[in-house]
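Asks: Before I ask anything, here is the structure I am working with.
The values are calculated or read from the model by the stated rules, or taken from the named source; none is laboratory data. All figures in this text were calculated on a predicted structure; none of them were measured in a lab. All Cβ positions, glycine included, derive from the backbone under ideal geometry; neighbour counts span all protein chains shown. The protein model used for the area step is the full one, side chains on, heavy atoms only, and it has no ligands, DNA or RNA in it. Shrake-Rupley method; radii C 1.70, N 1.55, O 1.52, S 1.80 Å.
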Amino acid sequence: MQEREVLIIGGGAAGFFTAINLAEANPDLKITILERGKEVLTKVRISGGGRCNVTHAEFIPKELSKNYPRGEKELLGPFHQFMTGDTIAWFDERGIELKTEEDGRMFPITDSSETIIDCFLAETERLNIEIKTGHSVQDIQQNNDRWLVKTSKRDFTADQLVMATGSNPKIWKLLEKLGHQIVQPVPSLFTFNIQDHRIKDLAGISTFAHIKILDEKLESDGPLLITHWGLSGPGILKLSAWGARILEARNYHFKIQVNWLDYTTAEEILEKIKRLKHKFAKQQLTTHAQFNLPKRLWLSLLKAAKFPEDQKWAELSNKQIHKLAQELTQCQLTVNGKSTFKEEFVTAGGVDLKEINFKTFESKLHPKLYLAGEILNIDAITGGFNFQNAWTGGFLAAQAIAKSVVNEN
Ligand SMILES: Cc1cc2nc3c(=O)[nH]c(=O)nc-3n(C[C@H](O)[C@H](O)[C@H](O)COP(=O)(O)OP(=O)(O)OC[C@H]3O[C@@H](n4cnc5c(N)ncnc54)[C@H](O)[C@@H]3O)c2cc1C
């Protein structure tokens, strides 16, 4: 029997996961990973601030899929086949224990992405998967049922081809040549640049807030982190992901409204302020922060409401009460530009999902062509979901290829 060859283009998360699972499912295949860089798994190395946020502790497929602004509908079926619990078990079987942080993010207990890289490299060696670095793929053609792949160094042929090149414009162009539609790429997961006296000098403060983008149907809640250049934190990153296209169309210039008290309304807070006015009548407003706000933020909002420093609760006028309620629940800030979130960033856009069979991750246009990971128009909010997409796609593509080869023989 002639040896079957599978080429995997891209030595990243999706490429390695596909290769390893494929070799396990069918040890007779000749599997080669082609990577353009000198090193493989470079994004895994820097991921999660060097700790690699492998997945997220969400175990219900429907709930997990809700974290994907692009891919929510399409990933639901695949998650019923391979999701968080399977990822945990997969690494556990290879001696890697994952731990869950308070916000649900899961990391190796070593807190080091090297643990994941070492595991993948050991597995590829054990399973005789060949890794060829320094091979930048330049062209792909399908001839007589076989794939011809031209790299910067030489030509390769294969029976099956897996594209796992992440967000790579050159590869998207090649796929366009093969007839695939590419949804225009735009950044996702970024922080907001804001120059405003209310948050100036408050860098490092974190609080839970509700944030709305004015004039758009975009809102989220979550921890919000004040930085030297504006706002960051999961609440902002969620907005950047769901609003990736809209915010790009606005050239990252827009207004947001922050409710520092989450969903409490201005009316509700008016009543609370009135009660505090009686309770703390003789005290100055600056003495204690209220509503569980960090003290520095509370003081800054009082200043923004133009309260004298020695203002006493008893002396609050109705106008001042309204002004304070407004600053607390409807604080409007102007965003001028975005910054890269260093712990994780992804691209929205990629191969149109209509052209993929999500049972197998095979192209509907070209049999024996599989695509997994960020090359597809799939991306998630921050928290380990982007890698979960790579693991799920890689695993299902591997199973499908292994099965199709058996059927052919
Ligand atoms: C700084 C940072 C931190 C992140 N942290 C996290 C995190 O903690 N958790 C999480 O879930 N997600 C994280 N992400 C997102 C996550 O890294 C990606 O979603 C994931 O790596 C996508 O995997 P992939 O295999 O599809 O693509 P990649 O990991 O990008 O791999 C693609 C590979 O293909 C190669 N390639 C490209 N073009 C060619 C070519 N022409 N020929 C040959 N090879 C080619 C590339 O060099 C690369 O090695 C982070 C992203 C960044 C940038």
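Asks: Would you mind pulling out the separation of the Cα centroids of region 304-321 and region 67-90, in Å?
Replies: 52 Å
Asks: Same structure, new question: Sorted by accessible area (1.4 Å probe), largest first, how do His56, His80, His322, His228 line up?
Replies: His228, His80, His322, His56
Asks: Also, I was wondering about something else. Can you tell which of Arg70, Arg36, Arg250 shows the greatest fluctuation in a Gaussian network model of the chain with Cα springs below 10 Å?
Replies: Arg250
Asks: If I take every Cα pair under 8 Å that is 6 or more residues apart in the chain, average their sequence separation and divide by the length, what percent do I get for the relative contact order?
Replies: Dividing the mean separation by the residue count of the chain yields 24 percent.
Asks: With both partners inside region 254-409, how many of the DSSP beta bridges are antiparallel, as a percent to the nearest 5?
Replies: Given both bridge residues lie in region 254-409, the antiparallel proportion sits at roughly 90 percent.
Asks: Beyond 25 Å between alpha-carbons counts as too far, so tell me which of Lys66/Lys212; Lys177/Lys368; Lys30/Lys153; Lys173/Lys255 fall in that bin.
Replies: Lys173/Lys255
Asks: Roll a 1.4 Å probe over the protein chains and send me the accessible area per residue for region 157-223 in Å².
Replies: 45 Å²
Asks: What part of the accessible area of the chain, given as a whole %, is carbon or sulfur when the probe is 1.4 angstrom?
Replies: 49 percent
Asks: Out of Gln399, Gln284, Gln195, any idea which swings most in a Gaussian network model of the chain, alpha carbons joined below 10 Å?
Replies: Answer for the Gaussian network model of the chain: Gln284.
Asks: Taking only C-alpha pairs under 8 Å that are 6+ residues apart, what is the relative contact order of region 249-374 in percent?
Replies: That works out to 34 percent.
Asks: On to the next question. Which residue fluctuates most in the GNM of the chain (Cα springs below 10 Å): Gly235, Gly222, Gly166?
Replies: Gly222
Asks: Please arrange Thr42, Thr286 by accessible surface area, largest first, computed with a 1.4 Å probe and ligands excluded.
Replies: Of Thr42, Thr286, the descending order of accessible area is Thr42, Thr286.
Asks: Counting pairs of alpha carbon atoms under 8 Å apart in space and at least six apart in sequence, what relative contact order in percent does region 216-322 give?
Replies: With pairs under 8 Å counted, the relative contact order is 21 percent.
Asks: Can I ask one more? Could you tell me how far the Cα centroid of region 144-220 sits from the Cα centroid of region 333-409, in Å?
Replies: Answer, in whole Å: 11.
Asks: Report, in deg cm²/dmol and to the nearest 500, the calculated mean residue ellipticity at 222 nm for the chain, where each DSSP H run with n ≥ 4 adds -39500 (n - 2.57) and the sum is divided by the residue count.
Replies: Value at 222 nm, helices only: -11000 deg cm²/dmol.
Asks: Around Gly134, with a cut-off of 13 angstrom between Cβ atoms, what is the net charge of the other residues, counting Lys and Arg +1 and Asp and Glu -1?
Replies: Combined, the nearby Lys, Arg, Asp and Glu give +3.
Asks: Here's another thing I want to ask about it. Give me the net charge for the shell around Ala158: Cβ to Cβ below 9 angstrom, other residues only, Lys and Arg +1, Asp and Glu -1.
Replies: Result for the local shell: +2.
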